[in-house]
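What follows is a short report on a single structure.
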Amino acid sequence: MRRKVIAGNWKMNKDFGEVEQFFVGTNGVSFCDSIRGTKNEVIICPPFIDIAQTVRFTEGSNIHVGAQNCYFEKNGAYTGETSASMLIGANVEYVIIGHSERRQYFNETNEIVSFKVNAALKVGLKPIICVGETLKERQEGVQKQVIENQVRSSLPSISDLSNVMIAYEPIWAIGTGKTATPKDANEAIKFIRSIVKDMYDNDVANDVIILYGGSVKASNAKALFEMPDIDGGLVGGASLDPIEFAEIVNFNKKQV
């Protein structure tokens, strides 16, 4: 049975003081304590400058640390970039690759995403590969072609995807307050799973973790994450609030 994964993408938010405030919390209850009983896998992806502090605050907890991007070269004259091996050295375990904002604002192509995925896997970093359509593509009815092209172009040639996750993020639902219905989100992720099955085999497709991302919040997390093909979420804005993010992480925790 696939595990549930809740990943928080802080994007370009939180300075040092805000990171400390997030983890230390209020009323004597830290964020780490508030999710200690969860059976779900929890990942936080802060900005590069906050990684060391996030690693320090999550040490000994059930929280994994991820990065929001990496470059595909190991080292060299690439001002402003950070390599996958550097992230491993900073005790980072996961990395988001191909987020729609990287594709939109920084012109990342499917080819670049593929390079980054392979660079991450080569050093033992676990990629979270993002795919999804724009509103225009959805309105034109070409969302399946777009998603399939992204999936086929981005997944590695290796047959073992145990260290790879996919995140379906309909771009029209990111930061807009709009969310795909649980049924629509599940259908899209089921379609992605069918592509993985065609590329690899049934066992790989059944085992690969596929997340939903797009205005996930405490009020809709349970309905989304209980769908059969949705394995959790890539959470943006709601992950910045430790109380709301804890509610999302604890969506399936039994009340006592």
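The values are calculated or read from the model by the stated rules, or taken from the named source; none is laboratory data. Bear in mind that the values here come from a model prediction, so they are computed numbers and not experimental data. Here the Cβ is made from the backbone with ideal geometry for all residues, glycine too, and neighbour counts use every protein chain on show.
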Inset, instruction - Find all pairs meeting these conditions: Cβ atoms under 8 angstrom apart; at least six residues apart or on different chains; first residue within region 83-97 and closer than 10 Å to Cys45 by Cβ; second residue among the small types (Gly, Ala, Ser) and assigned to a helix (DSSP H, G or I). - result: Val95/Ala84; Val95/Ala120
Legend entry - Answer from Ala246, Ala185 - the residue that is assigned to a helix (DSSP H, G or I), closer than 30 Å to Lys14 by Cβ and touching a Leu at 6+ places or on another chain (Cβ under 7 Å): Ala185
Inset, instruction - Could you tell me which numbered condition Ser215 fails, if it satisfies all but one of (1) under 30 Å from Val24 (Cα atoms); (2) part of a helix (DSSP H, G or I); (3) not basic (Lys, Arg)? - result: (2)
Inset, instruction - Check region 178-188 and report whether any residue there is touching a Gly at 6+ places or on another chain (Cβ under 9 Å), at pLDDT below 95, exposed (fewer than 14 other Cβ atoms within 10 Å of the Cβ) and closer than 25 Å to Val113 by Cβ. - result: yes
Inset, instruction - Please determine, by comparing only the residues of region 154-192 that are of a type in the set (Ser, Thr, Tyr) and touching a helix residue (DSSP H, G or I) at 6+ places or on another chain (Cβ under 6 Å), which one is farthest from Ala238 (Cα to Cα). - result: Ser154
Inset, instruction - Hey, could you check region 136-154 for residues that are within 15 Å of Tyr168 (Cβ to Cβ) and among the hydrophobic types (A, V, I, L, M, F, W, C) and say which is surrounded by the most Cβ atoms within 10 Å (Cβ to Cβ)? - result: Val151
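If you check Lys74, Lys14, which single one turns out to be surrounded by 15 or more Cβ atoms within 10 Å (Cβ to Cβ), of a type outside the set (A, V, I, L, M), in a loop (DSSP other than H, G, I, E, B) and in contact with a helix residue (DSSP H, G or I) (Cβ under 9 Å, 6 or more places away or on another chain)? Before the answer, list the steps.
On the way: Lys74 fails: surrounded by 15 or more Cβ atoms within 10 Å (Cβ to Cβ).
Result: Lys14 is the single residue among Lys74, Lys14 that is surrounded by 15 or more Cβ atoms within 10 Å (Cβ to Cβ), of a type outside the set (A, V, I, L, M), in a loop (DSSP other than H, G, I, E, B) and in contact with a helix residue (DSSP H, G or I) (Cβ under 9 Å, 6 or more places away or on another chain).
Check Ser114, Ser85 and return the single one that is part of a helix (DSSP H, G or I), more than 19 Å from the chain's Cα centre (by Cα) and among the small types (Gly, Ala, Ser). Talk me through it step by step, then tell me what you get.
Details: Ser114 fails: more than 19 Å from the chain's Cα centre (by Cα).
Result: Ser85 is the single residue among Ser114, Ser85 that is part of a helix (DSSP H, G or I), more than 19 Å from the chain's Cα centre (by Cα) and among the small types (Gly, Ala, Ser).
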